[in-house]
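The values are calculated or read from the model by the stated rules, or taken from the named source; none is laboratory data. On a predicted model such as this, the values are computed, not experimentally measured, just so you know. Ideal geometry is used to build each Cβ from the backbone, glycine not excepted, and the neighbour counts take in all protein chains shown. Heads up: the accessible areas ignore ligands, DNA and RNA and are worked out on the full protein's heavy atoms, side chains in. Shrake-Rupley method; radii C 1.70, N 1.55, O 1.52, S 1.80 Å.
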Amino acid sequence: KAGVTQTPRYLIKTRGQQVTLSCSPISGHRSVSWYQQTPGQGLQFLFEYFSETQRNKGNFPGRFSGRQFSNSRSEMNVSTLELGDSALYLCASSLALLPGQGNSYEQYFGPGTRLTVT
Amino acid sequence: AQSVTQPDIHITVSEGASLELRCNYSYGATPYLFWYVQSPGQGLQLLLKYFSGDTLVQGIKGFEAEFKRSQSSFNLRKPSVHWSDAAEYFCAAQGEYGNKLVFGAGTILRVKS
């Protein structure tokens, strides 16, 4: 089974621009979560999408947004980029059954997209 | 607030020696617990998980972890470290509902020959 894929792997943008990152989950997984990893703040949860609905959101400004498509693929968008947005953005997928439906909650991560803002 | 603490930023062990990486959590109820490993420039690979039941869980690559409720800990162990184990290790916790993982700051493992 193919793993989680993320595109692009590397991206260089200028302050003020916007960027869209893409994530394709493992086949059959309906949940996609996004995380930001920086040397200073570590790994931080951005948001989770399940069946095209945002189910949970981390403490990030509104410039960070996402969506999920009917095939479970997800995109995240960052508008008005700032230097501090430079990070590794990781996507994770999970079966993430609804409460009471099972216990398969582990998340599998993609290789990440390295975003550099100059 | 929910938090995960990894007290050791760096650990250096000799190849063939045993390893223990510490992890403590602070949650309202017992969370689901995970250990991930990250090699430079790579994503996170799941080593093992604890949901409930047996407090000693086995993972991939010869790793195991022990859940101790009384100490709010979930320490990762390996009896004999290989040079290829050098990487950064993250402990993470997740509540009962939803998929938000809270990560520790990570422990960088160096293996000396």
Some residue of region A:61-73 being farther than 17 Å from residue B:100 by Cα, open to solvent by 70 Å² or more (accessible area, probe 1.4 Å) and polar (S, T, N, Q): yes
Selection within region B:26-66 - modelled with pLDDT of 95 or more, open to solvent by less than 60 Å² (accessible area, probe 1.4 Å) and more than 14 Å from chain A (Cβ to nearest Cβ): B:62, B:63, B:64, B:66
Residue count, region A:11-55 (criterion: within 12 Å of chain B (Cβ to nearest Cβ), within 22 Å of residue B:36 (Cβ to Cβ) and open to solvent by 50 Å² or more (accessible area, probe 1.4 Å)): 6
Entirely in region B:18-113, the strands (runs of 3 or more DSSP E) that have 3 or more residues that are over 13 Å from the mean Cα position of the chain (by Cα): B:107-112
Residues of region B:3-30 satisfying the condition of being within 12 Å of residue B:72 (Cβ to Cβ), out of contact with any Leu (no Cβ under 9 Å at 6 or more places or on another chain) and not small (Gly, Ala, Ser): B:5, B:24, B:27, B:30
Residues of region B:1-22 satisfying the condition of being within 14 Å of another protein chain (Cβ to nearest Cβ), open to solvent by less than 60 Å² (accessible area, probe 1.4 Å) and of a type outside the set (Gly, Ala, Ser): B:4, B:6
Hits in region B:67-113 (condition: among the polar types (S, T, N, Q) and more than 14 Å from chain A (Cβ to nearest Cβ)): B:70, B:71, B:72, B:73, B:75, B:80, B:84, B:113
The one condition in (1) touching a residue at least 40 places away in the same chain (Cβ under 8 Å); (2) of a type in the set (Lys, Arg); (3) open to solvent by 60 Å² or more (accessible area, probe 1.4 Å) that residue B:78 fails to fulfil: (3)
In region A:73-111, the residues that are of a type in the set (A, V, I, L, M), assigned to a loop (DSSP other than H, G, I, E, B) and modelled with pLDDT of 95 or more: A:81
